[in-house]
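To keep things clear, I will list the structure first and then write my remarks on it.
The values are calculated or read from the model by the stated rules, or taken from the named source; none is laboratory data. The structure presented is a predicted model; accordingly, all values stated were derived computationally and were not measured. Reconstructed Cβ throughout: ideal geometry from the backbone, glycine too, with neighbour counts over all protein chains shown.
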């Protein structure tokens, strides 16, 4: 039976630590932390099963602070659990302190970065999918303001679809957002109706009544197929009268005088009190977090000149990967018959997750799977990753090991028109911290690079094309992240053309035509690794030829051309960019490549102009 008196003592201690660390830092979100203190104290010190000495123990329950600005509460809880000292929490928000303003994995008990609101529940869905065969729960603390985010409802509908009874959401309904009242205020019944409409079992409680809170946690069934939602009516700033339910205090720390006044209001605080977090049930048989394995690339036999779409090769390679490593899982946004991830589904249905047309939730879910040791491959049309850019950048801050594949990239998709053309994707993924960006041009390079992506720890983006392209490489060729291929060269090359993907095929045609008709030797470099890019090969070409021409089926901003310019910024060579520079439209691929000035004939024309200068 829960010791309510002890929980109340710990809640007072947690509130003290919240006020102390934010005042010491001179910034933070004390009022938002104070509102959720009681329900999280009840969770941590009465319900949670967590091995503090082994945070990565797969049998642990997991807690995600989607409401990331309540980091003072997170750190205060672990201080009350004896895992942080007062000296350590006094470093809150200081340079190089792991106790950052919003949690990141630099703090050992935070598995993911949070604070970009609306993402935690999606991450929880991923973790719940990974652990649904275990006897452990995923708890996600959300603020009532963030429930306005559509990604929350994407996660809610998917959680009920996959019957994730091990997922528990907690909404801290404190009524006040950053700049005013939330959409529903304290209307907890509407929150309840909406949660139930999405297939969840909902529990409404007074978030400051330990009796109600404990009853709600205890009423969560261990064998339910319904995800659970606890809707807690709370008071922002609870525990300090001049902060309670007051506007204008969001994200503001107390001054010294107000701090002393607030601490006095708390009454006597037992700073020696410590709460105990129960260990996981020892009898649970859980899977060990899997590590990347050594992959054996199959002896696939593609024929030179054979026409194969790289998007199809992606699906084939994924399926082979799945046979070698059970950690590989695949998520797709209802495009599996176009991205060819359906091949993986046919062979490994239990490791394929249909995410429907909800890309933000798909990326968040992939991060959750990654945090539990899986290697997620996320497939969609390249254009639609723009919807999930926030989730992608947060994956980087979470140190997620997620692979993205964008198909239907560029104007070469043809008749579908501009809404379906990924023309910003290279720029998007290049801008993500620590990412790798790959753009294979044929079947051989695509298969090898899918394997390289799986072996790499971190974010990898693979760009594939809709149309079939000819096989240009022998099956024995190797492709490494950070590499490139010199496809054509001679001892007297006059100009270098750098391209990748569909544009590389056009560059090869152009080089052949230049050599045949004009006796001009053009070096052609396949820059299949756009980030990191092969600077050594590019700089050698800059020294040995008169000019560099980049060609890409992408907008000029942030794509291959800019990557080449960065690499050659200190070289004495002219660099010219051919890219999609006109508003795209429907048409045949060949027509569109020519219209945008990135076809073989356009390259030939540009080479003539450059060499005539």
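Listed by position, the strands (runs of 3 or more DSSP E) enclosed by the stretch 334-429 that each have at least 2 residues that are modelled with pLDDT of 95 or more and under 30 Å from residue 98 (Cβ atoms) are 375-381, 403-407. If the condition is being over 14 Å from residue 400 (Cβ atoms), in contact (Cβ under 8 Å) with a residue 40 or more places away in the chain and in a loop (DSSP other than H, G, I, E, B), then the stretch 89-132 contributes 90, 92, 93, 94, 99, 101, 108, 109, 115, 117, 118, 131. Considering the stretch 81-108, the residues that are surrounded by 14 or more Cβ atoms within 10 Å (Cβ to Cβ) and over 29 Å from the mean Cα position of the chain (by Cα) include one that is nearest to residue 22 (Cα to Cα), namely 90.
Can you name the residue in the stretch 226-259 that is farther than 26 Å from residue 142 by Cα and touching a helix residue (DSSP H, G or I) at 6+ places or on another chain (Cβ under 9 Å) and is also surrounded by the most Cβ atoms within 10 Å (Cβ to Cβ) among such residues? Step by step, filter the stretch 226-259, then rank; the result is 259. Based on what the data block shows, is residue 49 touching a helix residue (DSSP H, G or I) at 6+ places or on another chain (Cβ under 8 Å), surrounded by fewer than 22 Cβ atoms within 10 Å (Cβ to Cβ), at pLDDT 95 or above and more than 24 Å from residue 270 (Cβ to Cβ)? It is false that residue 49 is touching a helix residue (DSSP H, G or I) at 6+ places or on another chain (Cβ under 8 Å), surrounded by fewer than 22 Cβ atoms within 10 Å (Cβ to Cβ), at pLDDT 95 or above and more than 24 Å from residue 270 (Cβ to Cβ). Within the stretch 535-543, is there a residue that is in contact with a helix residue (DSSP H, G or I) (Cβ under 6 Å, 6 or more places away or on another chain), closer than 26 Å to residue 464 by Cβ and either at pLDDT 95 or above or in the same structural domain as residue 441 (by TED's automatic domain parsing) (or both)? Yes, the conditions are met somewhere in the stretch 535-543.
Scoring residue 449 on the criteria (1) crowded, with 24+ Cβ neighbours inside 10 Å; (2) over 23 Å from residue 486 (Cα atoms); (3) under 23 Å from the mean Cα position of the chain (by Cα) leaves a single failure, condition (2). Against the list (1) assigned by TED's automatic domain parsing to the domain that holds residue 523; (2) farther than 13 Å from residue 442 by Cα; (3) out of contact with any helix residue (DSSP H, G or I) (no Cβ under 6 Å at 6 or more places or on another chain); (4) touching a residue at least 24 places away in the same chain (Cβ under 8 Å), the condition residue 480 fails is (1).
The helices (runs of 4 or more DSSP H) found entirely in the stretch 497-578 that carry 3 or more residues being within 18 Å of residue 431 (Cα to Cα) are 560-567.
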